[in-house]
Amino acid sequence: QVKLVESGGALVQAGGSLRLSCAASTTIVNARVGWYRQAPGKQREFVADMSRGGGTNYANSVKGRFTISRDNAENTVYLQMNSLKPEDTAVYYCNAQLLPVYNFWGQGTQVTVSS
């Protein structure tokens, strides 16, 4: 069992920045880690992920503004979010997966971007 705890969500003005953190309870060095988000009334959507080798993928809507990173020594995943827009408002979830062995989610952290 891998417990993931997100933090860093807040209310921020459009154009601002936030850094989300996701602390894992155990090593996730071999996992693909990612961030997803869910806005009110919408389905959860992919934001960004990183393979254990460091390769990254981003949703088109955040490309160039968000950066995912990981610190394997600290079992932590980060999402640096710059140039935030009101449409980035959502609950952001951390994910760690090593399929087919496990696929874990955090409880989410709220990001609200005011216009």
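Descriptive notes on the structure:
- Across the stretch 53-95, Cα-Cα distances exceeding 12 Å account for 68% of all pairs.
- Sequence-separation-based contact order of the chain, relative, with Cα cut under 8 Å and 6+ spacing, percent: 36 percent
- Loop-resident sites, the stretch 28-115, for GluC sites (Glu not before Pro), counting at most 16 other Cβ within 10 Å (DSSP): Glu74
- DSSP-defined antiparallel bridges as percent of all bridges, the stretch 5-115, nearest 5: 90 percent
- GNM flexibility winner over the chain from Tyr78, Tyr92, Tyr102 (Cα, springs under 10 Å): Tyr102
- Cross-link reach list, aspartates and glutamates versus Lys63, counting only Cα pairs under 18 Å and skipping chain neighbours closer than eight places: Glu45, Asp49, Glu87, Asp88
A short reminder: the numbers here are calculations on the coordinates, not readings from a lab. As the structure is a prediction and not an experimental result, all values here were calculated from the model. Here the Cβ is made from the backbone with ideal geometry for all residues, glycine too, and neighbour counts use every protein chain on show.
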